[in-house]
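The values are calculated or read from the model by the stated rules, or taken from the named source; none is laboratory data. If you're wondering where the values come from, they're calculated on a predicted model, not measured in any experiment. Reconstructed Cβ throughout: ideal geometry from the backbone, glycine too, with neighbour counts over all protein chains shown. Ligands, DNA and RNA are excluded from the accessible area calculation, which covers all protein heavy atoms including side chains. Shrake-Rupley method; radii C 1.70, N 1.55, O 1.52, S 1.80 Å.
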Amino acid sequence: MTSSSKPLKSITYNEIINENAREGGAMALKGRLTRFRKWATKQAGITAHGAICIVNGEATDGTRNAPILTYEAPKPVPGSEGGGSGGASAPGANAPSEVRCGAIDSQPDRAMYDRSIGCQVRTVRELKKDEVALSIPPSAMLSPALIAASDAGQAVFACCSSSSSEFWDMFSATNKLEKNQAEKIQQNSGTQLLVKILQERKKVETALMKAERIAIEAGEAGNDAKLPKNLVKAGSISYRAPFLAFLIHQRFANEGNPSVASSTRDLPRLRPDVPVGAPGTFAPYARTLPTSICLPICWKRNELALLAGCIPGMPLLQKVAARTMQLSTELMALMDAGFLWRFPSIFSPGMITWDRWVWAAAVYESRVFSTYSLPAWIFSDAVSPKHVIESCGIMIPFLDMLNHEDEAAQVEWNMSSQNLKDRSNSDDATNGLGC
């Protein structure tokens, strides 16, 4: 008796995200929240109190008696009747005046986030004093050390030109680079700033479409000699860029669980080790992140025009313009270095788009924890340079879904019970967040 194994069925991002679900965005998100909860506890080492649940309107993580909010059917957004998947769209399909920059996935998903404040951590009952809601090990966090060791981070690193083998030596502080961009436009009027933002968006979208077309033609001809290979000058892109590449890879890969760092991928430089205990994938987390984020960098033209029309709005508009210019500069520099085609096993054709780049930047900006907001002992064993950690911060799955008022907060940071022991007697003791 003989048997033959069937080839693994390929899967696309759209199928993974289930964005065409008849029930709409909430039911599709429910499945992803359930997978995230299992990933958090079984792979990431996060301990969550049994009364803790994650909800977003009608979507829950499957916790019994989780509170839900029922919304009326979303109204269609003009110019987006055909939905979208965050990929390159036809010219005019999503006019800047109608759809926010950085919006991904389908209209039902975006409508769901427009009606809510995103995924939230709630409780099915009131927690008693001294009960621990969450315990999160550093290995479950998106830290500079994790990004530097990841496939996505190493792909960005490989596009940089430098004799140094140190990962973070290739990049510069984000605020420094954005300050340089701001100096170029400090004398611009509100109207000029608005035009600049829209021009930058259009420029990078056009360049991306052209680069994708050239890459496809070169692939069909079996000749990559004409493809761009201009490595990025060290220090010209920010610490933020590898984080954005990581988020895009983990969210949009055509894989159920894309690896953080795969040993089968041939990358040109020796990479650092992945932090001990880190999960093999962060996709279940990345796929619960909002599809639409209402930050000024994502605002559409008529929203930005409100800033341009008043004096108090000018500083914010200048900041949006500088950030847009830096994001555009970084993506185009990486594109010229071959980022779109050199690593097809990490970034498949069409995975990198301007909307996704802006989406990742907005997610990062709105969810990253500054080192000043966290206990110092979290970073006591950090392998990344201190100035890099201070500039980048860290993203903390699960914890970034907490919402509370600063004045009324009842959250305390504590070392996990495992670490309240004398750490001098243990070489492998690991810090963890308890709250």
Task: For segment 224-335, size of Cβ-based charge dipole, Lys and Arg +1, Asp and Glu -1, in debye - done: 220 debye
Open item on the list: Suppose R0 equals 45 Å. What FRET efficiency, 1/(1 + (r/R0)^6) with r the Cβ-Cβ distance, do Lys128 and Gln192 give to the nearest 0.05?
Closed with: 0.20
Task: Carbon plus sulfur fraction of accessible area for segment 234-380, probe 1.4 Å, in percent - done: 58 percent
- [ ] At 1.4 Å probe size, with every protein chain present, just tell me what the per residue accessible area of segment 99-175 comes to in Å².
- [x] 36 Å²
Task: Accessible carbon and sulfur surface of segment 109-212 relative to its total accessible area, %, 1.4 Å - done: 47 percent
Task: Largest to smallest accessible area among Arg125, Arg213 [probe 1.4 Å] - done: Arg213, Arg125
- [ ] Compute, for Met325, the solvent-accessible surface of its heavy atoms (probe 1.4 Å) with the complete set of protein chains present, and express it in square angstrom to the nearest 10.
- [x] 10 Å²
TODO: Normalise the Cα radius of gyration of segment 226-326 by 2.2 N^0.38 Å (N = residues in it) and let me know the number.
DONE: 1.47
TODO: Compare Arg240, Arg64, Arg342, Arg323 by solvent-accessible area with a 1.4 Å probe and give them largest first, with all protein chains kept in place.
DONE: Arg64, Arg342, Arg323, Arg240
Task: Semi-axes of the equivalent ellipsoid for segment 320-405, Cα gyration tensor, largest first, Å - done: 29, 17, 14
- [ ] Compute the accessible area per residue over segment 204-259, keeping the other protein chains in place, probe 1.4 Å, unit Å².
- [x] 46 Å²
- [ ] Go through segment 209-220 residue by residue and turn each phi into a ³J(HN,Hα) via Karplus (6.51, -1.76, 1.60, θ = phi - 60°); whole Hz please, and just put x for glycine and proline.
- [x] 4, 5, 5, 4, 5, 5, 5, 5, 5, 5, x, 5
Open item on the list: Tell me the accessible surface of Trp377 in square angstrom (1.4 angstrom probe, heavy atoms of protein chains only), to the nearest ten.
Closed with: 60 Å²
- [ ] Please name whichever of Gln187, Gly313, Leu289 sits farthest to the positive end of the charge dipole of segment 187-322, dipole taken about the Cα centre and charges placed at Cβ: Lys and Arg +1, Asp and Glu -1.
- [x] Gln187
- [ ] Please calculate how many Å² of accessible area segment 346-398 carries per residue, with a 1.4 Å probe and no DNA, RNA or ligand atoms counted.
- [x] 36 Å²
Open item on the list: Nothing charged except the Cβ atoms of Lys and Arg (+1) and of Asp and Glu (-1): what's the magnitude of the dipole of segment 119-238 about its Cα centre? Round to the nearest 20 debye.
Closed with: 480 debye
Task: For Thr291, residues with placed amide H under 5 Å, excluding near neighbours - done: none
